[in-house]
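Here is the structure we will look at, set down as structure tokens.
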Amino acid sequence: DAKTTQPPSMDCAEGRAANLPCNHSTISGNEYVYWYRQIHSQGPQYIIHGLKNNETNEMASLIITEDRKSSTLILPHATLRDTAVYYCIVRVGDNQGGKLIFGQGTELSVKP
Amino acid sequence: KAGVTQTPRYLIKTRGQQVTLSCSPISGHRSVSWYQQTPGQGLQFLFEYFSETQRNKGNFPGRFSGRQFSNSRSEMNVSTLELGDSALYLCASSFSGSGANVLTFGAGSRLTVL
């Protein structure tokens, strides 16, 4: 079973920040938080990952709470092309190789 | 650099037949994983190959099998197809070796079983 809990759906206005929450209350000290997204009928796309510290890349920012029990993915200026299902995944970095346990994710709809 | 390539992109089979799907990973990636995606079950891990050996396996029947070649290309096979095998089959490759392991997915092969 997935170790994360996400809201099933969210809406966001184009140009505004999209903040997608994820709860992972049973996370272990050596487990990373990963975010992927899947645009309709395409393969999932890696967005960002983090262990303890907040992370930022060209796509998004990841904010992890101090107790690491939850995190938020931030898309700073959402566009229509960001409409997708966003998956939050928790796992030990390389210990399980290519095995990811996907939950149901959050379906983000960006509206004009 | 080239991404993960999956062939064929679409195929239609009938019950009882078998199917073979192919995946070419990103150059330098030695790990190839396979996933099945259906509307009812979502994305589920099938198995992973690393250096021609199966390293991880999901909870699927023995009708689902795979292999990896010395050039890291991988194939998966489904025998005695059932209607419920209709799905999007995704392949992902990764470098796998240290620290966080980021997967790059292909566009998938959409299988329809009639």
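Summary of computed values
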| read-out | value |
| --- | --- |
| Average beta carbon contacts from partner chains per residue of A:44-56, 10 Å cutoff | 2 |
| Per the protein assembly as shown, cysteines lacking a partner by the 4.7 Å Cβ criterion | A:12 |
| Those aspartates and glutamates that a straight Cα-Cα span of less than 14 Å connects to residue B:13, excepting residues fewer than 8 apart in one chain | B:82, B:85 |
| Those lysines that a straight Cα-Cα span of less than 26 Å connects to residue A:99, excepting residues fewer than 8 apart in one chain | A:3, A:52, A:69, B:1, B:57 |
| For A:97-110, mean number of other protein chain Cβ atoms within 10 Å | 5 |
| Summed side-chain charge close to residue A:108 - residues other than residue A:108 whose Cβ falls under 15 Å, Lys, Arg +1, Asp, Glu -1 | 0 |
| Per-residue mean of C-beta atoms belonging to partner chains within 10 Å, peptide B:3-13 | 0 |
| Inter-label distance for residue A:45 and residue B:77, nm, one decimal - labels placed 7 Å from Cα along Cα-to-Cβ | 3.6 nm |
| Local electrostatic count, residue A:18, Cβ distance below 14 Å [Lys/Arg +1, Asp/Glu -1] | 0 |
| Range in chain A, longest, excluding exposed GluC sites (Glu not before Pro) [loop by DSSP; at most 15 other beta-carbon atoms within 10 Å] | A:67-112 |
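Bear in mind these aren't lab numbers, they're just calculated from the coordinates by the rules spelled out. Treat the numbers as computed from the prediction; the structure is a model and nothing was measured. Here the Cβ is made from the backbone with ideal geometry for all residues, glycine too, and neighbour counts use every protein chain on show.
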